[in-house]
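The values are calculated or read from the model by the stated rules, or taken from the named source; none is laboratory data. Since we're looking at a predicted model, the values are computed, not measured. Virtual Cβ from ideal backbone geometry, glycine too; neighbours counted across all protein chains shown.
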């Protein structure tokens with residue numbers, strides 16, 4: 001029996017054990033308070049035999065249908081990362097998660113940073129920004145703010161100094177790679193169309209080859225008048241929270257490292 005499939009079975013068994021019976025919709029009530037969710041409970045809810053469901057937890061390599069796996073995800077209340085592991089482990093492509101609100105803990109971490117700190121989703125729509133970001137880049141907190149749409153608009157040239165040489169190429173590369181590398185995303189398609197309609201961007205799109213990386217260690221000039229009357233060299237840091245794979249956390253800090261943004 002495949003070791004990876006066996007390990008997946010153990011994970012499913014643990015997820016079932018951790019699922020409170022009272023949280024499961026449609027569970028037939030028994031006498032007294034249920035201590036745990038059983039394999040038979042899950043099988044009955046999914047309309048399969050107990051033996052078929054037990055095979056999943058035992059790590060047997062069977063042709064589990066997508067409908068069955070989707071049902072397991074629903075009954076066990078699995079999160080996006082757990083659901084993706086179960087789908088991939090049984091030979092299915094994980095469903096593309098819908099937009100979700102970042103966890104309160106992540107929002108708090110973004111807020112605590114002493115730099116320009118914000119979150120955006122897979123389509124580069126801004127979903128949260130801290131007070132420092134709102135103060136120095138007020139566009140981030142406007143309704144419908146999108147990083148790429150703004151970056152390729154005329155308005156961005158006020159802040160993104162030396163735009164052609166320092167900003168346009170890396171940003172366009174990130175947009176193109178996210179567009180090609182992700183699953184279907186109508187909102188991202190719309191963002192790409194909007195960016196390509198911006199003046200001179202289509203020419204750049206046709207001539208530019210994405211490198212695959214944003215030069216995170218390279219200082220980039222930005223005009224932040226509340227911080228300095230002259231353009232400030234900033235460094236861009238970006239990460240993807242492990243429990244929110246469609247979320248990008250972006251931070252901008254002074255390149256000299258001597259001060260935080262006020």
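Which one of these is more than 28 Å from residue 226 (Cα to Cα) and not in a helix (DSSP H, G or I): 184, 143?
After ruling out the rest, the residue left standing is 184.
List the strands (runs of 3 or more DSSP E) inside region 217-256, counting only whole elements, that have at least 3 residues being touching a residue at least 40 places away in the same chain (Cβ under 8 Å).
220-222, 248-254
Could you tell me which residue of region 136-157 is nearest to residue 201 (Cα to Cα), considering only residues that are buried (at least 17 other Cβ atoms within 10 Å of the Cβ) and more than 19 Å from the chain's Cα centre (by Cα)? Steps first, answer last, please.
So in region 136-157, the residues buried (at least 17 other Cβ atoms within 10 Å of the Cβ) come out as 136-137, 139-140, 145-152, 156.
If we keep only those that are more than 19 Å from the chain's Cα centre (by Cα) as well, we get 136-137, 139, 150-152, 156.
On the way: 136: 26, 137: 23, 139: 21, 150: 13, 151: 11, 152: 7, 156: 13 Å.
Out of the qualifying residues, it is 152.
Limited to region 12-24, what total is found for residues that are buried (at least 16 other Cβ atoms within 10 Å of the Cβ) and either touching a strand residue (DSSP E or B) at 6+ places or on another chain (Cβ under 9 Å) or more than 15 Å from residue 54 (Cβ to Cβ) (or both)?
So the count comes out to 2.
Identify all residues within region 190-210 that are in contact with a helix residue (DSSP H, G or I) (Cβ under 9 Å, 6 or more places away or on another chain) and part of a helix (DSSP H, G or I); write none if there are none.
191, 192, 194, 195, 196, 201, 202, 204, 205
Among the residues in region 155-171, are any in a loop (DSSP other than H, G, I, E, B), assigned by TED's automatic domain parsing to the domain that holds residue 134 and in contact with a helix residue (DSSP H, G or I) (Cβ under 8 Å, 6 or more places away or on another chain)?
To start, the set of residues in region 155-171 that are in a loop (DSSP other than H, G, I, E, B) comprises 159, 161-162.
Add one more test, that the residue is assigned by TED's automatic domain parsing to the domain that holds residue 134, and what stays is 159, 161-162.
Going one step further and asking which of them are in contact with a helix residue (DSSP H, G or I) (Cβ under 8 Å, 6 or more places away or on another chain), we end up with none.
No.
Any chance you could count how many residues in region 110-152 are touching a helix residue (DSSP H, G or I) at 6+ places or on another chain (Cβ under 6 Å) and free of Cβ contacts under 8 Å to residues at least 12 places away in the same chain?
Selection size over region 110-152: 2.
I'd like to verify a number: residues in region 162-194 that are crowded, with 16+ Cβ neighbours inside 10 Å and over 21 Å from the mean Cα position of the chain (by Cα), how many? Step through it out loud before you land on a result.
Step one: filter region 162-194 for residues crowded, with 16+ Cβ neighbours inside 10 Å, giving 163, 166-176, 178-179, 185, 188, 191-192.
Cutting the leftovers down to over 21 Å from the mean Cα position of the chain (by Cα) gives us 163, 166-169.
Residues flagged as crowded, with 16+ Cβ neighbours inside 10 Å and over 21 Å from the mean Cα position of the chain (by Cα) within region 162-194 amount to 5.
May I ask you to list the residues in region 109-135 that are assigned to a strand (DSSP E or B) and over 18 Å from residue 262 (Cβ atoms)?
To start, the set of residues in region 109-135 that are assigned to a strand (DSSP E or B) comprises 116-120, 125-129.
Across region 109-135, the qualifying residues are 119, 120, 125, 126, 127, 128.
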